[in-house]
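Trainee: Below you will find the structure I want to go over with you.
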Ligand code: R5P
């Protein structure tokens, strides 16, 4: 078995290969003069693990080309982050179901797919091969434990992320809750933990994705107003679109942490062990 990866998942793929005690196949990536992607893979094994987050359109094309380059092998596809997964419904007439488009594009030529904390597990049904989702909730919990915070409060930004917060909190048997948004006027909202007080406590807001960071920035500012001692935030997929990281840090958040499903300099949690463990079992 060998691992092969897209350009934007090189670090994670190398860690996965290390955990599996195997090699990463060298791939030369370049472009044709008209901008089309080109790649040439080194020696392929009979069994391949293709690792690549869909972080943009280029990485999606690279993944499709990699699968084809490995067409002599049995391929398992690891999609640590899957862009387009949030457009999983036709919210308005005339829209595509983009998650389904990506799943259909990436199913041919692979025997199995693994995702990590996908936005909604229903998306897995759009692949035409067996697809499983892994969770880094426990890994985020272990990272929080390493911060050695005194009795931290783990907060989900909304009720939908409560199960995730509960799984994170279970690592240290910490208290957890979710934020509740009350609209005070057309422009004013208040966000408070539903049941517990943040006063004098270290709070860690956890979520699957930070995209614009809008919700967490507002929540952090309000938690400080409510007397929180420190606010941290940790997520699986650090998308950080449109300057989100800077905006979050400007609220006084002590640290913004993400995993390497999208490789960032603040990727302090690796999905590699979780992925390798799942590959060993599958
Ligand atoms: C929503 O369902 C997700 O779990 C995240 O809360 C959301 O995608 C974060 O978006 P943003 O960072 O733009 O507030």
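Derivation of every value follows stated rules applied to the coordinates shown; laboratory data play no part. Everything numeric here is computed off the predicted structure, so don't read it as measured data. As a convention, Cβ positions derive from the backbone with ideal geometry for all residues, glycine included, and neighbour counts pool all protein chains shown.
Trainee: If you build the convex hull over the alpha carbons only and average its shadow over all orientations, what do you get for the range 8-55? Give it in nm² to one decimal. Mind showing how you got there, number by number?
Mentor: Details: hull surface 16.0 nm².
Averaging across all directions leaves 4.0 nm² for the Cα convex hull.
Trainee: Considering only the range 170-282, what is the antiparallel percent among its DSSP beta bridges, to the nearest 5? Walk me through the numbers on the way to the answer.
Mentor: On the way: 5 of 18 bridges.
If I count the DSSP bridges inside the range 170-282, around 30 percent turn out antiparallel.
Trainee: Now, a different point. Order of 181-190, 124-133 by packing, highest average Cβ count within 10 Å first? Write out the running numbers ahead of the final one.
Mentor: Details: 181-190: 9.2, 124-133: 16.4.
Top of the packing list down: 124-133, 181-190.
Trainee: Report the Cα centroid-to-centroid distance between the range 138-182 and the range 40-117 in angstrom, as an integer.
Mentor: A separation of 31 Å, based on Cα centres.
Trainee: Set the Förster distance to 25 Å, then compute FRET efficiency between residue 221 and residue 150 from the Cβ-Cβ distance, nearest 0.05. Walk me through the intermediate numbers first.
Mentor: On the way: r = 22 Å, r/R0 = 0.90.
Working from the Cβ atoms, E equals 0.65.
Trainee: Let me ask something else. Over 20 Å apart: what share of the alpha carbon pairs of the range 45-187 falls there, rounded to a whole percent?
Mentor: On the way: 5909 of 10153 pairs.
Value for the range 45-187: 58 percent of Cα pairs lie more than 20 Å apart.
Trainee: Right, here's the next one. Where is the GNM fluctuation largest for the chain (alpha-carbon springs, 10 angstrom cutoff): 152, 80, 108?
Mentor: Highest fluctuation among the options: 108.
Trainee: Quick check: the angle from helix 214-225's long axis to the longest principal axis of the chain, C-alpha only, nearest 10 degrees?
Mentor: 30 degrees
Trainee: If the range 94-178 were replaced by its equivalent ellipsoid, with semi-axes equal to the square roots of 5 times the Cα gyration tensor eigenvalues, what would those be, largest first, whole Å? Walk me through the intermediate numbers first.
Mentor: Working: eigenvalues 219, 45, 14 Å².
Taking √(5λ) for each eigenvalue gives 33, 15, 8 Å, largest first.
Trainee: Give the Kirkwood hydrodynamic radius (Å, one decimal) of the range 38-80, defined as one over the mean of 1/r across all pairs of different Cα atoms. Before the final figure, lay out each step's value.
Mentor: Numbers: mean 1/r = 0.0940 Å⁻¹.
Taking every pair of different Cα atoms in the range 38-80, averaging 1/r and inverting gives 10.6 Å.
Trainee: Here's something else I'd like to know. Regarding the range 97-139, what are the three Cα extents along the principal axes, ordered largest first, in Å?
Mentor: Principal extents (largest minus smallest coordinate, Cα): 32, 23, 11 Å.
Trainee: Can I ask one more? Find the relative contact order for the chain and round it to a whole percent, using C-alpha pairs within less than 8 Å whose residues are 6+ positions apart. Working shown, then result.
Mentor: Details: 608 pairs, mean separation 40.7, N = 282.
Computed over the chain, the figure is 14 percent.
Trainee: Dividing the alpha-carbon Rg of the range 120-219 by 2.2 N^0.38 Å yields what? Numbers along the way, then the final one.
Mentor: Values: Rg = 15.5 Å, N = 100, 2.2 N^0.38 = 12.7 Å.
With N residues counted in the range 120-219, Rg over 2.2 N^0.38 Å equals 1.22.
Trainee: Given the range 128-204, what percent of its DSSP beta bridges are antiparallel, to the nearest 5?
Mentor: Values: 5 of 11 bridges.
Looking only at bridges with both residues in the range 128-204, the antiparallel portion is about 45 percent.
Trainee: A further question on this structure: Taking the 0 to 90 degree range and rounding to the nearest ten, how far is the long axis of helix 272-281 tilted relative to the main principal axis of the chain, both from C-alpha atoms?
Mentor: That works out to roughly 60 degrees.
Trainee: Could you work out how much longer the chain between residue 31 and residue 47 gets when fully extended? Use 0.36 nm per residue separation minus the Cα distance between them, nm to one decimal.
Mentor: Working: separation 16, 0.36 × 16 = 5.76 nm, distance 2.72 nm.
That works out to 3.0 nm of additional length.
Trainee: Can you give the direction-averaged projected area of the convex hull of the alpha-carbon atoms in the range 1-81, in nm²? Can you show the working numbers first?
Mentor: Numbers: hull surface 19.3 nm².
Over all viewing directions, the range 1-81 projects a mean Cα-hull area of 4.8 nm².
Trainee: Give me the percent of DSSP beta bridges within the chain that run antiparallel, rounded to the nearest 5. Walk me through the numbers before you get to the answer.
Mentor: Working: 10 of 49 bridges.
Counting DSSP beta bridges with both partners in the chain, the antiparallel share is about 20 percent.
Trainee: Using a Förster radius of 45 Å, what is the FRET efficiency between residue 105 and residue 158 based on their Cβ-Cβ separation? Nearest 0.05, please. List each step's numbers first, then the result.
Mentor: On the way: r = 30 Å, r/R0 = 0.68.
Approximately 0.90, to the nearest 0.05.
Trainee: With 10 Å bins from zero, work out the P(r) of the chain over every alpha carbon pair and list the percent per bin.
Mentor: P(r) for the chain, in whole percents per bin: 7, 28, 32, 21, 10, 3, 0.
Trainee: Could you give me D for the range 169-282, from Stokes-Einstein at 25 °C and 0.890 mPa s, where the hydrodynamic radius is the Kirkwood radius over C-alpha pairs? Units µm² s⁻¹, please. Could the numbers behind the result be given before it?
Mentor: Working: Rh = 15.3 Å.
The calculation lands on 161 µm²/s.
Trainee: Next up: Per 5 Å bin, what percent of the C-alpha pairs of the range 29-129 does each bin hold, from zero upward?
Mentor: Each 5 Å bin holds this share of Cα pairs: 2, 12, 23, 23, 18, 12, 7, 2, 1, 0.
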